[in-house]
Every structure is written in C-alpha cells, then in structure tokens.
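Student: Take a look at the following structure, please.
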There are 2 protein chains.
Amino acid sequence: MGITIKDVAKHAGVSIATVSRIVNGQTGYGEKTKQLVLKSIEDLGYSPNAIARGLVGRETRTIGVLLPKLSGLFASKLLQGMETAARQENYSLFVCHTDSKEERVIQDIQVLKEKQVDGMIYASDQLSEAQGQLLEDMASPVVFVSTQSLTHPFPYVKVDDYNAAYDGTSYLIKMGHEDIAFIGGDLDDLIAGKTRNDGFRKAMCDHELRVNEKLVYYGDFRFPSGKEGFRQLLASKEVFTAVFATSDEMAVGVLSEAYEQGLSVPDDFCVLGYDNTMAAEMAVPPLTTVSQPIDEMGKRAVSLLLSIRENTKTPVRNIDMEHEVVERKSVVIRENTKGVFSR
Amino acid sequence: MGITIKDVAKHAGVSIATVSRIVNGQTGYGEKTKQLVLKSIEDLGYSPNAIARGLVGRETRTIGVLLPKLSGLFASKLLQGMETAARQENYSLFVCHTDSKEERVIQDIQVLKEKQVDGMIYASDQLSEAQGQLLEDMASPVVFVSTQSLTHPFPYVKVDDYNAAYDGTSYLIKMGHEDIAFIGGDLDDLIAGKTRNDGFRKAMCDHELRVNEKLVYYGDFRFPSGKEGFRQLLASKEVFTAVFATSDEMAVGVLSEAYEQGLSVPDDFCVLGYDNTMAAEMAVPPLTTVSQPIDEMGKRAVSLLLSIRENTKTPVRNIDMEHEVVERKSVVIRENTKGVFSR
DNA sequence: TCCTTTAACGTAAACGTTTACTCATTTGAA
DNA sequence: TTCAAATGAGTAAACGTTTACGTTAAAGGA
C-alpha cells in the first residue's frame, strides 16, 4: 500500500537506518543527508508505520479506557479529560463501553491486551475477582478513575465519596434542613453507593438528626431512578424539606417528577445533586450540587498512568481530588421552602 | 515480555505455523495436535499479539473516530452507537476530540493514518480543503456521520436537516403558531446551520407566514448560546408564541433563561428542540423536539464503513436517516399559551 | 607521519505474526 | 498392488521498523 522507509531510503540514496535516525531525531548523520532525506520524505509523502514501530519498540503510544457507558454527561466529560491529557503526550485512546457486563469487561481487557496498549484506565464498575486477576497479569500499568478496587491494589484517582456526601449533607443542614430525604446508589455498590450513604448518615448523626428510613431510596444513579425515587418519597407521605440525590441525573429526575406532580423547587422543597455535570447547570432550576472535578480527574488519571509507566519502581500513589458544593438555585434556607406534606 | 507463538510451538513440540493455523481456526492439522496446542496455549496463557498481526496482515481491526467534542449528549450517544456496532464486528475505536480546531484535525488524521486504522469516521465540523485532501489520500475508507462534505465525495449518514427543520416548523404551525422565533446555528455552517434555517424559512413561506428577522438568532448549538439567544429575543420586544431552537442544548438554554426571567413554558410560550438527546427527556418541562436516531446513526456509520471496506467496488452510498417530531410537554396549541409581549 | 578518535553512515538481526511453498505420510480408487 | 490425491505438518520469507554492531574516512594529536 503505502510508502515505506525503504522507498525513502532508495529515493534518497541512503540506508534505511539513516532514514530511521533522521525521522526519530537521533544523531549520526550529516546535515546534507538530513536535508536530502527530508526532501525525499516530503516528495514521497512518507509517514511512518506505527504498527511496525510498535512491534519492535516497546510501546504503542496507546492506552485503553473502560467505561460502563459512553453516553451520559459524566462519562463523556471524563473521557474528554483523558483524551486531552493523552493527546498532549502523543497517546491515543481505545475506548470500550462495557455496559457493566462482566463478560464484556473480560473480553475488552483481553482485546486491549492483544492490542498491546501501554496502559489501561478503568472507570467501570466494581471489578470481579476474575477481572482483577486479568488486570494484575497485564504487563502494563492500570489506574482506576472515579472508582477503586477494594480487593486489588490499583492506584486510583477519585474524590472521597464519604466526605463529599458528608459535606453535602452538612450543607443542607447548615441551611436549616432537618427532614432530609436521600436518593442514592445501591448499597451493594461499595464505592459510590455505600460510601455516599454512609457519609449522609454520619452527617445526620453528627448533627443529631434522625434519618427517616422511609425517606431513603436506592436507585442506580440514572435519571429514571431519580423520578422513581421521588415518587416513592411522595408515596411515603412523610414530611421532608430537602432531598439529597447522589447524582445530578437522579437529582434532575426528581426535578422532573416534581414538575409533573405540580411541586416547585425550591419553593416546595430543595434538592441537592452530586457530580456537577452539565446537567446541573442546565437544570431548571439550576442545581446546587456536590462538585467533582470530572475533567481534571480524567487528566490526572492519564498523567498518573504515564508517570507509573516511566517510573515503575515508585510505590502506588493514589490521587484524592477535591470536592466542593457549588451553590445554584435548587437549595435555599429552610425558612424559604414550604416542605412537602408539612402544614 | 509476554508469551509468544514460539513459546507455544516449542512447548507443544510443533511449528509456529501449526500454532498459527490452529489459533486462526484454519485447516491443516489433526485433532490430536490441536488439543495438544490448545493445552499449551492454556498452560502458558498465550494470547496473540495484535500488533504483529497487523503488521503482516492487512488489517488492524481498528477504526478512528473524529469528534469535535466528547462531552455533551449528542457526541457521546453517537460514540456509544459506534462502539456498540464496532465491538460486534471485533473492531476497536480510537477516539479523538478535535475541539473544532483545524490543525488538531490534521494532526489527528495523521496519527490515525500512522496507526494504520482500517477506516475513519468523521463527525467533526465542516472540513477544510487540506483536511479533505488528507482524507482522500488515505488508503482506508472514510465515512461522515451527522455531517457531510460538500466538496469531497465521502459517503455520509445523517438526517436531512432541511426537511427535518421544515417538518419541525410545520409542526409548530400546525399547532396554531404564527409568531415563531428561531434560534439556530451559524449560517456559515452549511451543514447544520444554513440548512435548518432554510428549512424553517421554507416552511414559514409555504404557510404564508412572515419570518420576523428580529426573532431569529444564530448561536453555536450550545447551552449558553440558547440562553443568550432567548435574551436577545426578549430584548427585541417582538411578540412570539413559540421558539424553535435547532438543538436540544439551546432549547434547554431558553428554558433556563425563561425560568430566570419568570416566564413559564408552555404557559407563556412554547419551545421546540432538535436532536432528542437525553436533555430533551430530562428537561423541565420535557422537550418536544425533532428527533434524530443518534444511536442508530452511530451504528450505521460503522456498518457502512465496514461494508465499504469489504466491497470497495460499490459506488458511494449515503444513508439518510429518518427524523420525527416527538411530542412531550414544551409545545401546546396556540390557544393554550399566552405568548410573549402579546396582550 | 602514524595512530587514535570520532563522525557518518551501512548491515543485518530482531520484533511476533501469517502464509506461500515444500515434503512426507495416508488414504482411496482403479 | 500401484499411483494420484488428500492430509498434516514444517520452512522460510515476508510485513516496516529500530538498533546493536561494523565499517569507512576524515580529523586530530603526538
């Protein structure tokens, strides 16, 4: 098919070794030959074959990314951050959407391994033993982002969900709320489900507030489960003045359902989100939310990966990202909201 | 580093050719040797090196994707569709986010070429002459999705923006609206900007309605430009009962700005979106919108690409996708909305 | 002047596969 | 039986690079 280094060598009347050295900016050739070769490259329109390079060299300048789903504001923002950092270092990204399916993850890891990626970034769900083993057997480094492995010692970059949820809850309490509903992820999800729930409960406890079990619902972080969760809250007939949903998507779900039920935020009750994706900004009303620096997390994940790659002797270093609650319009002080089922 | 085919061959006491044949499910070996080799593979934990395969074979089972940005509901949904279809055929995706920067596109194409992708999917902005030339020089096929090239004959898969906008507008008119504001993309964007605007105008004209130039605004399809556009609309003091925003993001922008201005949709005016991303579903109120089958478009793009690859003799075949207006809550009949600045 | 160094290249062996040729051994038909 | 065809395997040449190792010639030192 294409022009190879041999063609260039022949055209310039030098050996392929010389061409290679020039292309790679090494030393060992004169200025005149360099110009000659450069000219030939230009004339022929040569561009090196990265596959061949990858075969002999040790690297493919490629990193594999595993995400549960690609659509959605969180994943895509994360991916964008990774791509930005990767391109800066001349790496390309293989992206796989695992759909949270065990066997798909396995298959993807296998494929990425065969494709000889220089590293992998795992941003999917909790990993099984089989997956963990597969990852450990990889020659190249693996880093986790926005999740972590409790059973395998992979470095991660993420925010501290427990504390973030704690702070979010405390914010609500500081605003005067006491009857707080909670819509979280499944407790089986030890990373983002249980921790956020624990943070919520601890904050309530620390402020000597009771959590009303009828006002906690466990969803899956997606929009529909936010709607469903809010429906359940209403069905309980319990009074609350605020709901803390541990993802913006779910928070928007409650906004949406509230609208359908003729309830108004923040006049009737308040809602606090989590993530600070674009959904929070675009919501009506704009969501007050616990913010994760998603873009930055993506970037950090690749730089962490790359630094491990160069410096394989350093011990595993995790990166904890900062969270903060960004105030918009969906939460107001207790006095300014009616509360649901309160009279 | 890893176990190679040679190791397997040695371990099984056969030649590498035999191992290769077995691994690739070809013929030319006996059942006993097969079992022997399979056992060795299992024992050693061998997995083929796709890079080496790519070097000798003609294919890398890899396709490159160019998107202007990765975050955002449209792009990510599209990407998800592509990934789904690609994985089904055992292809992996290199994803590049060009940020709509000319030179980045050029660089990305170059990289993808060096990485020997089997094909490319272009979903970025209008391409320049230089980019077009680069793409034409590629040995592997290129398909456009959700965009097209007016100057280069690349096959595309997209909806007919002109007709979709025409139908969207007609829907509004059918609902009794006459004073319709329009928030579109820049007219310099010949693909999604101008065409949708043209469709809008034609529909108005065909129904003998005048388009009020003070009520048309050109944004960039993003959320902030929807907000800004709506502010401009209000500033004009002209009366309108509906606004057609040619992206859901912009439509949500008007919803958001309307909320801030104390206006209510659809009580005060209606808004029609475009795309049918998740934003439309999640909006308050849920957006009535002109729907594109985004996921399906992504899938079709890769199957088109792959079919071209196998069958390089067939002429360029474009794929036109169906659009439809999906009714939700943001548009009601003229009688049920007050209209802005009307008394 | 002669020897040593160094700069400027070329040769050829990898890298891990696939695959076109061989070649031997069976098999089966006549 | 005899021979042609089929089967099961091995050999070695690609694929396009990088790179360790040679080689040559010019330069520099004594």
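Student: Give me the extension gain from A:Lys174 to A:Glu136: residue separation times 0.36 nm, minus the current Cα-Cα distance, reported in nm with one decimal.
Tutor: Computed gain between A:Lys174 and A:Glu136 is 9.2 nm.
Student: If you don't mind, there's one more thing I want to ask. Can you list, shortest first in nanometers, how far B:Lys39 lies from the same residue in the other copies, with each label 7 Å from Cα toward Cβ?
Tutor: Those label-point separations list as 6.4 nm.
Student: Also, quick follow-up: How far is B:Glu322 from itself in the other copies, in nm, if each label sits 7 Å out from Cα along the Cα-Cβ line, shortest first?
Tutor: Label point to label point, same position, other copies: 5.2 nm.
Student: Computed from the mean reciprocal separation of all distinct C-alpha pairs, what Kirkwood hydrodynamic radius does region A:5-48 have, in Å?
Tutor: So the Kirkwood estimate lands at 9.9 Å.
Student: Tell me, what is the FRET efficiency for A:Gln107 and A:Lys202 to the nearest 0.05, using R0 = 56 angstrom and their Cβ-Cβ distance as r?
Tutor: 0.90
Student: Also, I was wondering about something else. With r as the distance between the Cβ atoms of B:Asn336 and B:Glu260 and R0 = 35 Å, compute the FRET efficiency 1/(1 + (r/R0)^6) and round to 0.05.
Tutor: Approximately 0.95, to the nearest 0.05.
Student: Something else now. What is the spin-label model distance, in nm, from A:Leu187 to A:Lys39 if the labels are put 7 Å beyond Cα along the C-beta direction?
Tutor: 7.8 nm
Student: 7 Å along Cα→Cβ for the label point: how many nanometres lie between A:Ser20 and each equivalent label in the other copies, listed shortest first?
Tutor: From this label point to the equivalent ones elsewhere in the assembly: 2.1 nm.
Student: Could I ask something else about it? Determine the alpha carbon to alpha carbon distance for each of B:Lys237/B:Lys338; A:Lys194/A:Lys329; B:Lys101/B:Lys299; B:Lys158/B:Lys194; B:Lys77/B:Lys194 and list only those over 20 Å.
Tutor: Pairs exceeding the cut-off: A:Lys194/A:Lys329; B:Lys101/B:Lys299; B:Lys77/B:Lys194.
Student: Right, something else. With a sphere of radius 13 Å drawn around the Cβ of A:Leu263, what net charge do the other residues whose Cβ falls strictly inside it have (Lys, Arg +1; Asp, Glu -1)?
Tutor: Result for the local shell: -1.
Student: Would you kindly give the portion of the calculated P(r) for the protein assembly as shown that falls above 36 Å, as a percent of all Cα pairs?
Tutor: In whole percent, the long-distance tail amounts to 48.
Student: Angle, helix A:248-260 long axis vs. longest principal axis of chain A, Cα atoms, 0 to 90°, nearest 10?
Tutor: 40 degrees
Student: Please report the spacing between the Cα centers of region A:19-67 and region B:1-44 in Å, no decimals.
Tutor: So the separation of the two Cα centres works out to 34 Å.
Student: Hey, with R₀ at 35 Å, roughly what FRET efficiency would B:Arg58 and B:Asp267 work out to, going by the Cβ-Cβ distance, to 0.05?
Tutor: Calculated transfer efficiency: 0.05.
Student: May I pose another question? Just grab the label-to-label distance for A:Glu89 and B:Glu327, each label 7 Å out from Cα along the Cβ direction, in nm (one decimal).
Tutor: Distance between the two pseudo-spin positions: 5.4 nm.
Student: Can you tell me what share of the DSSP beta bridges in chain A is antiparallel? A percent to the nearest 5 is fine.
Tutor: 10 percent
Student: Where does the charge balance sit around A:Gly54 when Lys and Arg score +1, Asp and Glu -1, over other residues with C-beta under 11 Å from its C-beta?
Tutor: Surrounding charge for A:Gly54 is +2.
Student: I want the local charge near B:Phe74. Using Cβ-Cβ distances under 10 Å, sum +1 for each Lys or Arg and -1 for each Asp or Glu among the other residues.
Tutor: Residues close to B:Phe74 contribute a combined charge of -1.
Student: Could you state the angle between the C-alpha long axis of helix B:31-44 and the longest principal axis of the C-alpha atoms of chain B, as a value from 0 to 90 degrees rounded to the nearest 10?
Tutor: Between helix and principal axis, roughly 70 degrees.
Student: What is the distance in Å between the Cα centroid of region A:80-126 and that of region A:269-304?
Tutor: For region A:80-126 versus region A:269-304, the Cα centre distance is 23 Å.
Student: Could I have the simple spin-label model distance between B:Glu129 and A:Ala17, label points 7 Å from Cα toward Cβ, reported in nm to one decimal?
Tutor: With each label placed 7 Å out from Cα toward Cβ, I get 4.4 nm.
Student: Sum -39500 (n - 2.57) across every DSSP H segment of at least 4 residues in chain A, then divide by the residue count to get the 222 nm mean residue ellipticity, nearest 500.
Tutor: It comes out at -13500 deg cm²/dmol, rounded to the nearest 500.
Student: While we're looking at this one, here's another question. Gap in Å between the Cα centre of region B:320-334 and the Cα centre of region A:157-182?
Tutor: 39 Å
Student: Can you give the accessible area per residue of region A:5-48, in Å², using a 1.4 Å probe?
Tutor: 61 Å²
Student: Among B:Leu38, B:Ile109, B:Leu150, pick out the residue whose Cα is farthest towards the positive end of the charge dipole of the protein assembly as shown, where Lys and Arg carry +1 and Asp and Glu carry -1 on C-beta, about the Cα centre.
Tutor: B:Leu38
Student: Now a separate question. Please list, in order, the residues from region A:195-216 whose amide nitrogen is less than 11 Å from a point placed 7 Å along the Cα→Cβ vector of A:Leu150.
Tutor: Once the point is set 7 Å along Cα→Cβ of A:Leu150, A:195 turn out to lie under 11 Å by backbone N, inside region A:195-216.
Student: Further question on the same structure: What do you get for the angle between helix B:294-310 and the principal long axis of chain B? Use alpha-carbon atoms, 0 to 90 degrees, nearest ten.
Tutor: Approximately 40 degrees, to the nearest 10.
Student: Next up: Using 0.36 nm per residue, how much length does the chain from A:Tyr29 to A:Glu296 gain when fully extended, once their Cα-Cα distance is taken away?
Tutor: Value of the extension gain: 91.9 nm.
The values are calculated or read from the model by the stated rules, or taken from the named source; none is laboratory data. As the structure is a computational prediction, the values presented were derived from the model and not from experiment. FYI the Cβ positions are ideal-geometry reconstructions off the backbone, even for glycines, and counts take in every protein chain you see. The protein model used for the area step is the full one, side chains on, heavy atoms only, and it has no ligands, DNA or RNA in it. Shrake-Rupley method; radii C 1.70, N 1.55, O 1.52, S 1.80 Å.
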